[in-house]
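See structure below.
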Amino acid sequence: MSSSEHSSPVAVITGASSGIGAAAARSLYPAGYRVALLARRLDRITSLADELGDGAIAIEADVTDRDGLVAAAERVKAELGGADVLINNAGVMLLGPFSADQRDDYRNMIQVNLMGAITTTEVFLDQLKDGGGDIVNLSSVAGRTARSGNGVYAATKWGINGWSESLRQELLPDVRVTLIEPGVVDTELPTHITHEGTREGVQKMYDAATVKPEEVAEIITFALTRPRHLVINEILLRPADQLG
Ligand code: NDP
């Protein structure tokens, strides 16, 4: 059975173990979506799936591992009938000065933020095309304005923006593509920064964050629930007091 034959559509969310991804699941589920929660931290997505109930499944998956994503897509097909929505949300923001000391961080950001989204989409595309679907890509304000110290993170998000626009043109009208570009949102994103001085500064900014992941999730749900003849292609949002 194709998922589109079932009454409730299926949303696959990468990076569903925390922050915006977990909030998106908590917003979409009561809006009538079944959800496949993908992340590496199985304990977190399992307890979220349990919290949500029937039609929510947890699948341990690393977006840098194509074989794991293929296995995840097979489970989504077998257990939920296939994906109608893919939310490419998994990401890391390993900010710091541009130097050879940070080269593992650069590779990691490109592998997760850019290649992860591209590979997950490639793997799920047939399911999304079957009956019409949606792709939501989490970019950032950093996909629109680069700043000193965020070069490779910005490169991944600028990459997401260009790729999304190309996909939009290629896949219309059957698959809608929506780009979400948030400013500072109160999540654990800065806690993984390896460059100590940068982490402390960025963490202070995040400690004062006013925009909550639930607010971004609400925007994602709004975009997805528009009638199929209409697509919201791009949403740039910031805390009201964020300058850049
Ligand atoms: P979080 O750190 O809370 O969430 C990031 C998620 O990505 C986690 O669930 C994590 O799960 C997952 N993830 C990281 N690496 C991998 C991997 N290799 N494979 C699979 N999943 C992975 O941060 P946010 O919720 O803030 O971030 C979500 C998205 O929003 C990111 O793309 C980020 O760039 C973007 N964004 C966030 C902003 C903010 O200010 N918070 C602003 C602009 C954009 P796990 O570790 O369990 O695998």
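Per-peptide packing, taken as the mean over residues of other Cβ atoms within 10 Å, places 171-183, 28-40 in the sequence 28-40, 171-183 from highest down.
Taking amide H as placed 1.01 Å from N in the peptide plane, L237 has its amide H under 5 Å from the amide H of E181, G183, each at least 5 places away in sequence or on another chain. Residues in segment 34-46 carry Karplus couplings, in order, of 8, 10, 10, 9, 10, 5, 7, 7, 4, 4, 5, 6, 5 Hz; the curve used is 6.51 cos²θ - 1.76 cosθ + 1.60 with θ = phi - 60°, and Gly or Pro positions show x. The lysine pair tally for segment 10-236, using Cα distances under 24 Å and a gap of 8 or more places or different chains, is 4. For segment 206-219, putting each phi into the Karplus relation 6.51 cos²θ - 1.76 cosθ + 1.60 with θ = phi - 60° gives couplings of 6, 4, 9, 5, 9, 7, 9, x, 4, 6, 5, 4, 4, 5 Hz, in residue order, rounded to whole numbers and with x for Gly and Pro. Our estimate of slack between R238 and K204, defined as 0.36 nm per intervening residue step minus the Cα-Cα distance, is 10.5 nm. Summing +1 for each Lys or Arg and -1 for each Asp or Glu among the other residues whose beta-carbon sits under 13 angstrom from that of F222 gives -3.
The modelled label-to-label distance for the pair Q169/T64, using points 7 Å beyond Cα in the direction of Cβ, is 3.2 nm.
Applying 1/(1 + (r/R0)^6) with R0 = 35 Å to the Cβ-Cβ distance of K212 and R147 gives a FRET efficiency near 0.90. Under the criterion of Cα pairs below 8 Å and six or more residues apart, the relative contact order for the chain equals 20 percent. The Rg/Rh ratio of segment 138-244, with Rg taken over Cα atoms and Rh as the Kirkwood radius over Cα pairs, comes to 1.01. Sorting K157, K129 by accessible area puts them as K129, K157; the probe is 1.4 Å, largest comes first, and only protein heavy atoms count.
Specify the inter-centroid distance of segment 152-225 and segment 36-105, based on alpha-carbon positions, in whole Å. Using only Cα atoms, the two centres lie 15 Å from each other.
Taken about its Cα centre, the chain carries a charge dipole of about 480 debye when Lys and Arg each add +1 at the Cβ and Asp and Glu each add -1 at the Cβ.
Can you tell me how much longer the chain between L230 and D126 gets when fully stretched, taken as 0.36 nm per residue apart minus their C-alpha distance, in nm with one decimal? The L230-D126 span can extend by a further 35.3 nm. Expressed in Å, the radius of gyration and Dmax of the Cα atoms of the chain are 17.1, 53.
The values are calculated or read from the model by the stated rules, or taken from the named source; none is laboratory data. On a predicted model such as this, the values are computed, not experimentally measured, just so you know. Please note: Cβ atoms are built from the backbone with ideal geometry, for glycine as well, and neighbour counts cover all protein chains shown. To get the accessible areas, we keep the full protein, side chains included, count just its heavy atoms, and leave off ligands, DNA and RNA. Shrake-Rupley method; radii C 1.70, N 1.55, O 1.52, S 1.80 Å.
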